[in-house]
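Please read the structure below before turning to the comments.
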């Protein structure tokens, strides 16, 4: 049996997505041997164990939004929220646990959202829905908060479609994935961006784009976890009406701190 399937069967992971994430983080061991791939077969006699604390969330990606809510002091109690690129539902899970009244979970894919979230009456599942074509009349309730974690597409394609959907005082958290924003020649093997100068360039380009959309960057931090291949990712908080904008120097300091943490 594959190790990811066995993790779920033995109750060490709630779903396959979380099981695969645990393996990729290097936390799964068969006996004393670390498991390298989710597809790896292990002998039935070899006991499986997971090092570290098991996350209560449906996916590891939940840690990204959890940090954003803490760092940017965002209160979601009784808020109506939008999760763009919901996938298995890590962000949706965090929103609900933070007290959201309703979450619209949007994804271009199908049947990925965790069953617990899919069956939660507070969740409105919007599958097979390209976020670029969202319109305000698709939502029965005013959107007070949004968050997005998307892959294989630039935020420049997503943000302009999302901004008009939100209420005037809404707050919006986006994850910057440099590998999908950088020039092709700046992306290394396995799609990994390692150059700090490329990170700076990518982030400032997105910040300028947001300004041109008449929104402001109110907060900036780095994701507490890297992408599957080791990409450093960054968190932005945006607001339409906000007096204070984060300074370029502070953005550079955060990027440097991320490299200190993740680059060995």
Of the residues in region 191-224, those that are assigned to a helix (DSSP H, G or I), more than 25 Å from residue 244 (Cβ to Cβ) and in contact (Cβ under 8 Å) with a residue 40 or more places away in the chain come to 191, 196
Here the residues within region 80-97 that are outside any helix (DSSP H, G or I) and in contact with a helix residue (DSSP H, G or I) (Cβ under 6 Å, 6 or more places away or on another chain) are 81, 83, 84, 86, 88, 89
Taking region 9-31 and keeping only residues that are over 17 Å from residue 229 (Cα atoms), in a helix (DSSP H, G or I) and in contact with a helix residue (DSSP H, G or I) (Cβ under 7 Å, 6 or more places away or on another chain), one is left with 16
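The rows are residues; the columns are (1) within 21 Å of residue 63 (Cα to Cα); (2) surrounded by fewer than 15 Cβ atoms within 10 Å (Cβ to Cβ); (3) modelled with pLDDT of 95 or more.
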position	(1), (2), (3)
102	yes, no, yes
107	yes, no, yes
113	yes, no, no
121	no, yes, yes
126	no, no, yes
133	no, yes, yes
140	no, yes, yes
146	yes, no, yes
155	yes, no, yes
Given the conditions (1) surrounded by 19 or more Cβ atoms within 10 Å (Cβ to Cβ); (2) assigned to a strand (DSSP E or B), every one holds for residue 168 apart from (1)
Expected single match for touching a helix residue (DSSP H, G or I) at 6+ places or on another chain (Cβ under 7 Å), within 28 Å of residue 26 (Cβ to Cβ) and at pLDDT 95 or above among 225, 232 is 232
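Answer yes or no as to whether residue 34 is more than 30 Å from residue 157 (Cβ to Cβ), at pLDDT below 90 and out of contact with any helix residue (DSSP H, G or I) (no Cβ under 6 Å at 6 or more places or on another chain).
Yes.
The values are calculated or read from the model by the stated rules, or taken from the named source; none is laboratory data. Bear in mind that the values here come from a model prediction, so they are computed numbers and not experimental data. So basically every Cβ, Gly included, is an ideal-geometry build from the backbone, and we count neighbours across all protein chains shown.
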